[in-house]
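The values are calculated or read from the model by the stated rules, or taken from the named source; none is laboratory data. The structure presented is a predicted model; accordingly, all values stated were derived computationally and were not measured. Here the Cβ positions follow ideal geometry from the backbone for every residue, glycine too, while neighbour counts run over all protein chains shown.
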Amino acid sequence: MTDKTIIPVNPEIIMKTQDQQGLSELFKPLTREIHLFDSFIAGTSHLKDPDILKKATIGDTLTLRRESDNRYDSNAILILNEDGEKYGYVPEKDNKVFSRLMDAGKLLVAKISNIQPKGSFTMISIGIYLVDF
């Protein structure tokens, strides 16, 4: 008799396997991304090195990470590029529900949908996705 029990996958395990060559590929057939919301990256004008944003391209998948020790916003969510470099934050007006999802163990990512230079700063539009297992 074959056991057909579905075992839930912990999102933390997926995050940890991203650095292991080939391991994350094992989980890809089991995942799907659900588009939740459109927003933008806040704080791009406050980066120490704004030239980092020159790496950004439409379609890039960005890491979202909770920043629980942020003294200005208890729901702060960092937005990082694939090299772990800070691009900015999910805007405070948009982050309450997303921070709750992340605190409950859900994996969220962002994808760049548009990049537009606006004077002294760069407006980067993103879609926020829930990675479902």
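Hey, could you check the range 96-133 for residues that are charged (D, E, K, R) and under 15 Å from the mean Cα position of the chain (by Cα) and say which is nearest to residue 60 (Cα to Cα)?
In this case the residue turns out to be 111.
Give 31, 44 a once-over and let me know the one that is under 16 Å from the mean Cα position of the chain (by Cα), buried (at least 16 other Cβ atoms within 10 Å of the Cβ) and either charged (D, E, K, R) or modelled with pLDDT under 95 (or both).
After ruling out the rest, the residue left standing is 44.
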Of the residues that sit in the range 41-100 and are of a type in the set (Val, Ile, Thr) and assigned to a loop (DSSP other than H, G, I, E, B), which one is farthest from residue 127 (Cα to Cα)?
-> 57
Of the numbered conditions (1) modelled with pLDDT under 90; (2) in contact with a Leu (Cβ under 6 Å, 6 or more places away or on another chain); (3) polar (S, T, N, Q), residue 24 satisfies every one except a single condition; which is it?
-> (2)
